[in-house]
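Working notes for the structure below.
The values are calculated or read from the model by the stated rules, or taken from the named source; none is laboratory data. This structure is a prediction, so every number in the text was calculated from the model and none was measured. So basically every Cβ, Gly included, is an ideal-geometry build from the backbone, and we count neighbours across all protein chains shown. In case anyone asks, the SASA skips ligands and DNA or RNA and just uses the protein heavy atoms, side chains included. Shrake-Rupley method; radii C 1.70, N 1.55, O 1.52, S 1.80 Å.
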Amino acid sequence: MSSWRSLVLRIGDKCPEYGTSSDFKEHIETCSGALRRELEHSANDIIPFLLQCAEQLPHKIPLYGTVIGLLNLENEDVVRKIVENIQTNLQMCSKVLQPVSLVVVFETLLSSAATTVDEEKGNPSWQARGDFYVSCILSCLPWGGSEFIEQVPEEIERVMVGIEAYLSIRRRNSDTGLSFFDDDDEESGKVSSEKDFLEDLWDRIQVLSSNGWKLDSVPRPHLSFEAQLVAGRSHEFVPINAPDQPEPLSQLSGVLYGKQKHHAELKYPQRIRRLNIFRAGKTEDMQPIDRFVVEEYLLDVLLFLNGCRKECAAYMVGLPVPFRYEYLMAETIFSQLLLLPQPPFKPIYYTLVIMDLCKALPGAFPAVVAGAVRALFEKIADLDMECRTRLILWFSHHLSNFQFIWPWEEWAYVLDLPKWAPQRVFVQEVLEREVRLSYWDKVKQSVENAPALEELLPPKGTPNFKFTVEEGKERTEEHALSAELSKKVKGRQTAREIISWVEESVFPNHGLEVTLTVVLQTFLDIGSKSFTHLITVLERYGQVIARICHDQDKQIMLMAEVSSFWKNNTQMTAITIDRMMGYRLISNLAIVRWVFSPANIDQFHISDRPWEVLRNAVSKTYNRISDLRKEILSLKKNVVSAEEAAAKAKAELDAAESKLTLVDGEPVLGENPARMKPLKSNAEKTKEEEISLRDSLEAKEALLARALDENEALFLSLYKNFSNVLMERLPEASKAQTLQALKSIQADEMVVDLDESSEMEVDNEKERSKKSQSNGEKANKVYNVGDKEQWCLSTLGYVKAFSRQYASEIWPHIEKLDAEIFTESAHPLFLKAVYSGLGRPVFEVSSS
């Protein structure tokens, strides 16, 4: 990397490029001097690199703004190019941009936002766009507010009045379906009293304004160069044009409103949803606006350095602020990890960042992370089901990278809780995931400080093969059939040969159930040695399974055999069923029916086992559709290119054929035959390629249409099953219209059986720490939700989670779902969970 690039990139950092100095003024002088010398030869490289750094390291914007201000003193043309290229507010305090021209930009955005939410002229379903524009304006003010007030006070006051007017006409965002915790204070038809993100940001800006626009989190290095910068010439900022307004709606309700609202929120998502993990007195004491600015710094670093995790961690711990922010950093990272409906990046990214931060700040951050885990564990009963699953996956992975060390004795009291209590289930699922990442004995060793927790460890993941040959045990006819099939597989007989054997010798004599059990158990036993063995068996003998299990009823029997064989290994159950679906041996509809079978329904609130299988099935269906859409998009582009190539080849051939040439002194239509042959060949070839691509496109579009039909059937089946099982178990609507009411139904009747717990305690752990005892007593007092009520709460949570995650696929089928399932006869709590997940407005629901 050339020296000037290093200086630009590392400005403000403690690094070799700037020697031992950490003074911003020296860094700015060194960097601007180096750029000034290089501009004559490298201006075309410097401008894009400087802007890229300003965009992707925005916590250094005050430094880059000052550097550009100093360059503006000697080379106005280069700085004008910078303004023209980016058209963004780098730093007007550096006398580069005229404040009035930025106010014009603000007013353009504000006008567009106000029109969008106007019920007569605009389309309020697109409020997300208007909110985005206004949040962009407000987000600029911590960096440039003092300069606006100093240089254009009347104009910026006009903008502030306009923002206040916008806030008065927009709808407050409740977004209960996207909250981390199941807050049931908001009843149907009522608007939450808690301020949404935009209102909160507006309050913070107002406090900043009342404090004279003074804040600690934004460096002001330009003040050291104020005497020089004042001589610089300011540049005009070219006015912008906001995108066209969406088409107005004929009415402010109905399915169309809901669909457009969902589309707008996908296009203009809210960047952060604050997760307040720690108590107010626990976190760092800073101004509200400083919290916002530091959050923005952290989010920008996470966004732009997602491919460089160590650089990401280094920048996150080295922000240019004069106060500590470890607790805020933890809350911000966890808010992204648990962000609904999806985190910006895969959860593994945040796992790695947290690991690197623990290593970068060994004396501070590990304790903060541990505190966050404890705080979230205390609230686990109210945590959204999707967030709960992500937290389990993250925590188990995190511990696996730190030798599985955790003070489990603090949580030993969960054994005193009923088996359906969320805290107990959380510990159980974390231990199960740890076993997947290591091995059973290692995880058992990790809980030696709380040996009673061994009870929550999963069984050792050995297969449960029904036809194992044991000494002294009677060999049945099924044992002999299994041994014969195993011999055939080891002898590498083909699938066709085994099908013939099954149809001629097994099925006629023993019937379907024995045939299916023997074949499945034997194949699974052969494939149990490793994942590769499983794949090999399914690829080689999948036809045998397909021949036996050719309809949904038999596929459900197949999954029952898989579940029985791998009853001690949740992971292999999920993997096997997932692979079988991948090979089209099991349909997604069969999986839904199996998940909602009585044996699995009883596990809905005490295990993730059935939910993992269901998530995999819905996800695989969604991924197939996504892949087809991508392939179709690519094919359409290729068809256009092929059409152009074919048209060009045809034009060249036509041009050649229309020419008059002399052959033996006589005029002949067409070019020389030697030249015509390759032209004809090329025209035919390009036309064939075009036709071939069109055929491929038609085939893919047919597959997509079929997949979308299957998707509709999947969601109809899924919601029908959800509705039915919930209707059987939920109390009458008059007794439980809210989740809080559901939780308290048996509050007075619920009594934890402490006698059995005490007996177990004596057997498994003679002495438990006083801390664990007090925690156990506290838990028994606090957690008093009954088995049936917890089942309903967990299942409703999954209804909301599936609705939210696949909302884009569900909305196209909403009319049919409304007609067949989301009817007035459905339970209100079921409907509320669905609508909350879909982000369906309350007034739209009531009018449907």
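Compared with the direct C-alpha span, the chain from Lys310 to Asn44 gains 92.8 nm at full extension, assuming 0.36 nm per residue.
Past 18 Å, Cα to Cα: identify those pairs from Lys630/Lys800; Lys650/Lys685; Lys267/Lys800; Lys636/Lys687; Lys637/Lys700; Lys14/Lys310, in the order given. Present the calculation step by step, with values, prior to reporting the outcome.
Details: Lys630/Lys800 28 Å; Lys650/Lys685 11 Å; Lys267/Lys800 21 Å; Lys636/Lys687 16 Å; Lys637/Lys700 14 Å; Lys14/Lys310 16 Å.
Cα-Cα > 18 Å for Lys630/Lys800; Lys267/Lys800; rest within.
Fully extending the segment from Asn211 to Asp175 would add 9.8 nm, taking 0.36 nm per residue of separation and subtracting the current Cα-Cα distance. Which value in deg cm²/dmol, rounded to the nearest 500, describes the helix-derived mean residue ellipticity at 222 nm for the chain, given -39,500 (n - 2.57) per DSSP H run of n ≥ 4 and division by the residue count? Value at 222 nm, helices only: -21000 deg cm²/dmol. Projected label points at Ser619 and Glu378, each 7 Å from Cα along the beta carbon direction, are separated by 3.2 nanometres. Of Arg609, Arg492, the order by accessible heavy-atom surface (1.4 Å probe, DNA, RNA and ligands excluded), from most exposed downward, is Arg492, Arg609.
Across segment 118-124, computed HN-Hα scalar couplings (Karplus, 6.51 cos²θ - 1.76 cosθ + 1.60, θ = phi - 60°) run 6, 5, 8, 9, x, 9, x Hz from first to last residue, x flagging Gly and Pro. The heavy atoms of Ile380 offer some 0 square angstrom of accessible surface to a 1.4 angstrom probe.
Trypsin sites (Lys or Arg not before Pro) within segment 493-602: which are DSSP loop residues with at most 11 other Cβ atoms inside 10 Å? Show your work: numbers first, answer last.
Details: sites: Arg496, Lys529, Arg540, Arg547, Lys554, Lys567, Arg579, Arg584, Arg593; in loops: Lys567, Arg584.
Counting only loop positions with at most 11 other Cβ atoms within 10 Å, the trypsin sites (Lys or Arg not before Pro) in segment 493-602 are Arg584.
Highest mean packing first, where packing is the average number of other Cβ atoms within 10 Å per residue, the peptides 678-686, 29-37 line up as 29-37, 678-686. Please enumerate, by chain and number, the aspartates and glutamates with C-alpha under 20 Å from the C-alpha of Lys680, excluding those fewer than 8 residues away in the same chain. The qualifying aspartates and glutamates are Glu643, Glu644, Glu652, Asp654, Glu657, Glu671, Glu688, Glu689, Glu690. Taking a ≥ b ≥ c as the square roots of the Cα gyration tensor eigenvalues, segment 15-65 comes out oblate, since a/c reaches at least 1.5 and a/b does not exceed b/c.
Legend: calculated FRET efficiency, Glu684 to Leu633, from the Cβ-Cβ distance at R0 = 25 Å, rounded to 0.05, equals 0.35. Simple point charges give the picture: +1 on the Cβ of Lys and Arg, -1 on the Cβ of Asp and Glu, and for segment 1-158 a dipole about the Cα centre of about 460 debye. For His235, the residues whose amide H sits under 5 Å from its own are Leu97, Gln98, ignoring neighbours fewer than 5 places away on the same chain, with H placed 1.01 Å from N. Structural descriptor for the chain: relative contact order 12 percent, calculated from alpha carbon pairs under 8 angstrom and at least 6 residues apart.
Toward the positive end of the charge dipole of the chain, with +1 on the Cβ of Lys and Arg and -1 on the Cβ of Asp and Glu, the farthest Cα among Val369, Phe181, Leu275 is that of Val369.
Can you figure out the FRET efficiency of Glu497 with Ser564, using R₀ = 25 Å and their beta-carbon distance, to the nearest 0.05? All intermediate terms of the calculation are to be shown ahead of the outcome.
Working: r = 27 Å, r/R0 = 1.08.
About 0.40, to the nearest 0.05.
This model, with +1 at the C-beta of Lys and Arg and -1 at the C-beta of Asp and Glu, gives the chain a dipole about its Cα centre of some 1620 debye. Per atom type, the chain shows carbon and sulfur on 50% of its accessible surface, probed at 1.4 Å.
Go through Leu829, Leu512 and list them by solvent-accessible area, largest first, probe radius 1.4 Å.
Working: Leu829 5, Leu512 50 Å².
The ordering from most to least exposed comes out as Leu512, Leu829.
Entry comment: accessible area of the chain is 47 Å² per residue, from protein heavy atoms only and a probe of 1.4 Å.
Given R₀ = 45 Å, what would the calculated FRET efficiency be for Glu164 paired with Asp244, taking r from the Cβ atoms and rounding to 0.05? Walk me through the intermediate numbers first.
Numbers: r = 26 Å, r/R0 = 0.58.
Efficiency for this residue pair is about 0.95.
The GluC sites (Glu not before Pro) of segment 407-473 meeting both criteria, a DSSP state outside H, G, I, E and B (loop) and at most 11 other C-beta atoms within 10 angstrom of the site's C-beta, are Glu448, Glu470, Glu471. Set against the labelled values [x] 33.0, 117; [y] 62.5, 225; [z] 45.7, 161, Rg and Dmax of the Cα atoms in Å computed from this structure falls on [x]. Can you find, among Pro99, Phe292, Gln571, the residue farthest towards the positive end of the dipole of the chain? Put +1 on the C-beta of Lys and Arg, -1 on that of Asp and Glu. Looking along the dipole axis, the top candidate is Gln571. Hey, can you grab everything whose amide H is under 5 Å from the amide H of Phe181? Only 5+ residues off in sequence or another chain; H modelled, so Pro and N-termini drop out. Residues meeting the amide H criterion: Asp384. Of the residues Ala733, Val443, Leu456, the one whose Cα sits farthest towards the positive end of the charge dipole of the chain is Val443 (charges of +1 on Lys and Arg Cβ, -1 on Asp and Glu Cβ, taken about the Cα centre). Between Lys677 and Ala480, full extension at 0.36 nm per residue minus the direct alpha carbon distance yields a gain of 63.9 nm.
For segment 274-406, a crude dipole built from +1 on the beta carbon of Lys and Arg and -1 on the beta carbon of Asp and Glu, taken about the Cα centre, is about 340 debye to the nearest 20.
Output the peptides 321-328, 728-735 sorted from most to least packed, where packing is the average of other Cβ atoms within 10 Å over each peptide's residues.
321-328, 728-735
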